[in-house]
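*Asks:* Sharing a structure here in structure tokens format.
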Amino acid sequence: MTTTPRQRWTGLAVLVLAVTVVALDATVLSLAIPSISETLRPSGTQLLWIGDAYSFVLAGLLVSMGALSDRIGRKRLLLTGAAAFGAASLLAAYAPGPGWLILARALLGVAGATIMPSTLSLIRALFPDDRERATAIGVWGAAATAGAALGPVVGGVLLEHFWWGSVFLLNIPVLLLLLVLGARLLPESRDPRPGRWDVLSVALSMTGVIGVVYAIKEAAAHGVARWDVPLAFVLGAAALTAFVRNQLRLETPLLDVRLFRDRRFTAAVLASLIALVGLSGVVFVTSQYLQLVRGFGPLRAGLAELPAFVGAVAGGLLTARLVRRTGARAALTGCLLAMGLGMGVLGWLQQDTTYLLLAASFLLVGTAEGVVYTLGADLVLGAAPADKAGAASAVSETAYELGTALGIALVGSVVGSLYAGGLAVPAGTDPAAAARAGESLGAAVETARELPAGLAEPLLASARESFVHGVNTAGLLAGALLVGAAAFAWWLLRGLSAAAAAAVEQPAPEKVGA
């Protein structure tokens, strides 16, 4: 496929628009959690599902949708998914109860799964030159990380003036613009020899991912004593094992698992996964900390997280230059260590901690994540054959979304468990009110409004103290996880840093057929 520079970069602008919407939707809800708690009154478990249903479904379907885009056309699937995303956004905005909102978030995940791998694989088709593609992926990565970081800011602005459903209506005009411009400006691209789309593989991959993630989430929240936790894990693990074996037998697999033999591919996927486990979980709880502990309004809380947005943009745009100077190995592991340091700082967070410490942590974590995300996507695409770009990029996106879902589930569950265990309810509090306060910090704030001052003040003080203790523990655990990920990535990428850097610097004549 031959394109002019103007066509390539205009097409990239449309793809950036698409990825920004999907990434923004993953985090824009974080500042609306207190408002949703007040309006829809979800339980603590429902609150976690509202937060991570989107990413769970997205992660479960990305590989399948990536392979589908290789078969039916990446542009076609992108535009279909954009229309479905708009419809699901309307349902979410006007959800009458927590169950409906969870359903709408899951449908958004289905639609989002068609958009993300299509954007990255279309970049592979638009930019066959390695060096030019590295710059394009840097812009794409900056848009994705910036969209996720900008979510709380946009959410804060909307929530300052409108109800919580407005954070979903924001998608509609952007998606309409995407449909119009995408239909006119994007080229079609597909695998010329796609083979059949194996339905059994689709079912196994989704069952496996959702089963294992559900088991981990529920084990973190309630322990392994409940019968459904080990059952879900065993079923999920068995489905994933069957999926891998099935892919090895198929002539045209849904996912070529042999790609994981390439250490660049494996390191990039694992780095993206673990980085997002730490980042998404910490963002989920710090948004609540700023509003419910520090008393920030939604807009002020969103602006307080702005350093992460600035850092994410800078990190994504500077990735190619950093890799050329230091090599992929040093860049990836160094940024994972930086993220670990930034998150570990939260271990010393208190109710009256100066904002400058938080701002420095947000800036460091955002910048490092911008590099990790962009470099990970570039390493994945560089390791995969051009005609399998959709499936390969879907693996990268699966790691991103699975990390987001696991981060909210694990970190949210750890904080929730420590919060419930440390909450001291004043004597004389109605048992129903006490049970409600133990669900979450937001529920405790709502409960305190209905109690006399003599009971409300000690309840709020205990709730905030317990929540901050949970954030401290979560920050230290996330930091340790990222340090471990950095060590593992360094080991996997031994001897590959020079080659990876050269791949970014040198052009290649390869062309991708439409």
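The values are calculated or read from the model by the stated rules, or taken from the named source; none is laboratory data. As the structure is a computational prediction, the values presented were derived from the model and not from experiment. Quick reminder, even Gly has a Cβ in these numbers, built from the backbone with ideal geometry, and neighbours come from all protein chains shown. Side chains included, ligands, DNA and RNA excluded: accessible areas come from the protein's heavy atoms. Shrake-Rupley method; radii C 1.70, N 1.55, O 1.52, S 1.80 Å.
*Asks:* If I model a spin label at residue 172 and residue 250 as a point 7 Å from the Cα along the Cα→Cβ vector, what separation in nanometres do I get?
*Replies:* Simple spin-label model gives 3.8 nm for this pair.
*Asks:* Further question on the same structure: Return one whole number: the accessible area per residue of the chain in Å², for a 1.4 Å probe.
*Replies:* On a per-residue basis, the chain sits at 37 Å².
*Asks:* Sorted by accessible area (1.4 Å probe), largest first, how do 400, 94 line up?
*Replies:* 94, 400
*Asks:* Taking the full set of protein chains and a 1.4 angstrom probe, give the accessible area of residue 129 in square angstrom, rounded to the nearest 10.
*Replies:* Roll a 1.4 Å probe over it and residue 129 shows about 40 Å².
*Asks:* Expressed as a whole percentage, what fraction of the accessible surface of the chain belongs to carbon and sulfur atoms when a 1.4 Å probe is rolled over the protein heavy atoms?
*Replies:* It is 67 percent, rounded to a whole number.
*Asks:* Identify which of the listed values of volume of the Cα convex hull per residue in Å³ was calculated from the structure shown: [x] 138; [y] 333; [z] 129.
*Replies:* [z]
*Asks:* Report the Cα-based extents of the range 176-290 along its three principal axes, largest first, to the nearest Å.
*Replies:* If we take the Cα atoms of the range 176-290, the spans are 50, 44, 31 Å.
*Asks:* Okay, moving on. So which DSSP H runs in the chain come out at 27 Å plus along the axis (Cα) with average Kyte-Doolittle of at least -1.0? Could the numbers behind the result be given before it?
*Replies:* Values: long enough: 5-27 (33 Å, 0.97); 44-72 (41 Å, 0.98); 74-93 (28 Å, 0.96); 98-126 (41 Å, 1.31); 130-161 (45 Å, 0.57); 199-222 (34 Å, 1.40); 228-249 (31 Å, 0.92); 263-288 (38 Å, 1.40); 306-326 (28 Å, 0.96); 355-383 (42 Å, 1.57); 389-422 (49 Å, 1.00); 453-492 (58 Å, 1.06).
Passing helices, by number: 5-27, 44-72, 74-93, 98-126, 130-161, 199-222, 228-249, 263-288, 306-326, 355-383, 389-422, 453-492.
*Asks:* Shifting gears a bit: Among 66-79, 285-298, 115-128, what's the highest-first ranking by average C-beta atoms within 10 angstrom per residue?
*Replies:* 115-128, 66-79, 285-298
*Asks:* Return P(r) of the range 5-106 (all Cα-Cα pairs; 5 Å bins starting at 0; whole %; ordered from short to long distances).
*Replies:* Distribution as computed: 2, 11, 19, 22, 17, 12, 8, 5, 3, 1, 0 percent.
*Asks:* So how do 339, 65, 206 rank on accessible area, 1.4 Å probe, biggest first, that is with the largest at the start?
*Replies:* These residues rank, largest area first, as 206, 65, 339.
*Asks:* Expressed as a whole number of Å, what is the distance separating the alpha-carbon centroids of the range 246-302 and the range 3-78?
*Replies:* What the calculation gives is 13 Å, centre to centre.
*Asks:* Could you rank 471, 414 by how accessible they are, 1.4 Å probe, largest area first? Don't skip to the end; give the middle numbers.
*Replies:* Numbers: 471 5, 414 45 Å².
Per-residue accessible area, sorted high to low, gives 414, 471.
*Asks:* I've got another one for you. R0 = 35 Å: FRET efficiency of residue 262 with residue 9, Cβ-based, nearest 0.05?
*Replies:* FRET efficiency, residue 262 to residue 9: 0.75.
*Asks:* What ranking, highest mean first, results for peptides 230-236, 250-256 when packing means the other Cβ atoms within 10 Å averaged over each residue?
*Replies:* Ranking the peptides 230-236, 250-256 by packing returns 250-256, 230-236.
*Asks:* Here's something else I'd like to know. Which of rounded, prolate, oblate describes the range 215-281, given a ≥ b ≥ c as roots of the alpha-carbon gyration tensor eigenvalues and a/c under 1.5 marking rounded, otherwise prolate only if a/b is larger than b/c?
*Replies:* Note, shape of the range 215-281 comes out oblate.
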